[in-house]
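The values are calculated or read from the model by the stated rules, or taken from the named source; none is laboratory data. This one's a predicted model, so the numbers in the text were calculated from it and none came from an experiment. So basically every Cβ, Gly included, is an ideal-geometry build from the backbone, and we count neighbours across all protein chains shown. The area values use the complete protein model at the heavy-atom level, side chains included, leaving out ligands, DNA and RNA. Shrake-Rupley method; radii C 1.70, N 1.55, O 1.52, S 1.80 Å.
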Amino acid sequence: MLATQERVRTEDGITVLVWHKPAQPEQCNGECDFHPISCSNTEGITAPGPLRDVPLDLKEPGERWCTDCLAQN
């Protein structure tokens, strides 16, 4: 699934990647600085770069899907 990443620092001080489903993937030209996300009508991810194809079944430690974005799948 196409996704954009958010880096989140946990209470333990560990940084994890949270993957979000983009709200408007067709508008990403690969050089975006902002990606609206499906789980929010007002927020988005400010991270330069293209969307990535991310598997639903994440196997890398420190990565997870946004539960609200996955619920919209």
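Filtering region 30-73 to residues that are polar (S, T, N, Q) and in contact with a Ser or Thr (Cβ under 7 Å, 6 or more places away or on another chain) leaves only Gln72.
Residues checked against (1) open to solvent by less than 50 Å² (accessible area, probe 1.4 Å); (2) out of contact with any Phe, Trp or Tyr (no Cβ under 7 Å at 6 or more places or on another chain); (3) within 18 Å of Gln72 (Cβ to Cβ):
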site	(1), (2), (3)
Arg9	no, yes, no
Gly13	yes, yes, no
Val16	yes, yes, no
Pro22	yes, yes, yes
Glu26	no, yes, yes
Asn29	no, yes, no
Cys32	yes, yes, no
Ile37	yes, yes, yes
Gly44	yes, no, yes
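How do the pairs read when you match residues in region 4-31 that are under 20 Å from Asp57 (Cα atoms) with residues anywhere that are open to solvent by less than 40 Å² (accessible area, probe 1.4 Å) and of a type in the set (Ser, Thr, Tyr), using Cβ under 8 Å and keeping only pairs 6 or more apart or on different chains? Here the result reads Trp19/Thr4; His20/Thr4; His20/Ser38; Lys21/Ser38; Pro22/Thr4; Pro22/Ser38, each pair linking region 4-31 to a residue that is open to solvent by less than 40 Å² (accessible area, probe 1.4 Å) and of a type in the set (Ser, Thr, Tyr). Of the strands (runs of 3 or more DSSP E) that lie entirely inside the chain, those containing 1 or more residues that are of a type in the set (Asp, Glu) span 2-9, 63-65. Taken over region 47-69, the criterion of being at pLDDT below 90 and closer than 22 Å to Thr10 by Cβ is satisfied by Ala47 alone.
Of the residues in region 10-29, not one is modelled with pLDDT under 90 and of a type in the set (Gly, Ala, Ser). The residues of region 63-73 that are surrounded by 13 or more Cβ atoms within 10 Å (Cβ to Cβ) and of a type outside the set (Phe, Trp, Tyr), listed by number, are Glu63, Arg64, Cys66, Asp68, Cys69, Leu70.
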